[in-house]
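The values are calculated or read from the model by the stated rules, or taken from the named source; none is laboratory data. Not measured: the values here are computed from a predicted model. All Cβ positions, even for glycine, are placed from backbone atoms using ideal geometry, and neighbour counts span all protein chains on display. In case anyone asks, the SASA skips ligands and DNA or RNA and just uses the protein heavy atoms, side chains included. Shrake-Rupley method; radii C 1.70, N 1.55, O 1.52, S 1.80 Å.
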Amino acid sequence: AKTPMIIAGMGLRWDKAYPELRGFAERIGVPVFCTPKVKGALPENHPYSAGVFIGGKLEMDIIGKADLIIGVGLDPADMLAKPWKYSQPLIVIDRVSNTNEIYHAEMELVGNIGEILSMLTDALPAEHKWDESIAPAYRNKVYDTLALATQGLAPFRISDITRKLTADDVILTTDVGAAKLLLSQIWRPYQPNSVLMSNPLGTMGCAIPAAIAAKLVFPNRQVVSLCGDGGFWMRIAELQTAMELGVAPVIVVLNDQALSQIKIKQLKKGLAVVGTEFHSANYVKIAEAFGGKGISVGNEAEYGNALTEALHASTFTVIEARIDPSRYAAQFDAIREL
């Protein structure tokens, strides 16, 4: 193969084969995509990290340049429920044999993923199959495609500011819906297992309990939850859990007063907008009622100040970010077909 490419998936997590993945990619010099559940398996500030693969529109350009796909723990459950659209031959490295045939493997290497990657790294010559500028250029292209200016507070700027103000090992949790679709592409993790999202099952309301659990397991690490208001309302009682356990995650609610992803589907199909809009509430008072801190922000400066304060708080903080969702439809359309 002259231009092979790696797509890493959920199977990688079982063997914690993150150093081996990195060593293999660096040895042969190829871009690495990660499916959403293993986002950050190769840190996204690495020159060979191409970001996230979901089987959508954005990846088509760079994957079209590959003449071989190497699937490392590639579980199709972590991709869009769409037919496999790539014609290149596929080699799969996994703990289990590929029996689903959502994609067809020309060759399978079945066993401990870390050991197999190490063996291949030792056996193959050191090469630079791809120019190291390709993956960073692609990541920048994805960002530029999605970073659409808005009149009000843009969701992608919430991600940018959060990344700038948090530690390299911050744990991010996100909910299902508009927030996850954008953050899976825009957020840049610098460590494996530092992004928690429910991708295959799409469990709304998962962001807050995930943040509480992360803070329990890693009390000395920063934990930030970027969740939509729909998911927040489904699990508001978990604020009581955070208070009882005495943990202090930062919960940022992207408030657009709608289940935006479903609302956009209704509009695109010419249907009436029913059951996807709701009135806002007083997030500050709600947080205070559960023993936490509440802050409401409407611009970038306010959000930066609120996040800085929340990261040093001794109790959980709910930050209501009043966002402008006006560019969601264009952003979603760039990522996938709704």
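Per residue, the convex hull spanned by the Cα atoms of segment 92-249 amounts to 185 cubic angstrom.
Taking K and R as +1 and D and E as -1, what net charge do the other residues with C-beta under 14 Å from the C-beta of Thr315 add up to? Once positives and negatives cancel, what remains is -1. Sorting 138-144, 174-180 by average packing, meaning the other beta carbons within 10 Å per residue, from highest down gives 174-180, 138-144.
Given R0 = 41 Å, the distance between the Cβ atoms of Ala330 and Trp14 translates into a calculated FRET efficiency of 0.60. When only alpha carbons are used to place a centre, segment 80-99 and segment 269-311 end up 40 Å from one another.
Once the Cα-Cα distance is subtracted from the 0.36 nm per residue extended length, the Ala313 to Ala289 segment shows a gain of 7.0 nm.
Can you bin segment 226-292 into rounded, prolate or oblate? Criterion: square roots of the alpha carbon gyration tensor eigenvalues sorted a ≥ b ≥ c, rounded for a/c under 1.5, prolate for a/b above b/c, oblate for the rest. Because a/c hits 1.5 or more and a/b exceeds b/c, segment 226-292 counts as prolate. Carbon-plus-sulfur accessible fraction, the chain (probe radius 1.4 Å, protein heavy atoms only): 54%. Rolling a 1.4 Å probe over the protein heavy atoms gives the chain an accessible area of 43 Å² per residue.
Between Asp144 and Val273, full extension at 0.36 nm per residue minus the direct alpha carbon distance yields a gain of 43.4 nm. Between segment 160-207 and segment 224-250, what is the C-alpha centre distance in whole Å? Comparing the Cα centres of segment 160-207 and segment 224-250, I get a distance of 15 Å. For Ala167 and Ala237, a Förster radius of 35 Å and the Cβ-Cβ distance give a FRET efficiency of 0.75, rounded to the nearest 0.05. For segment 36-165, the Cβ-based charge dipole about the Cα centre amounts to some 700 debye (Lys, Arg positive; Asp, Glu negative; other atoms uncharged).
Seen through its C-alpha gyration tensor, with square-root eigenvalues sorted a ≥ b ≥ c, segment 29-98 comes out rounded because a/c lies under 1.5. Amide H contacts of Val52 (H built 1.01 Å from N, in plane; Pro and chain starts excluded): Cys34 sit under 5 Å, all sequence-distant by 5 or more or on other chains.
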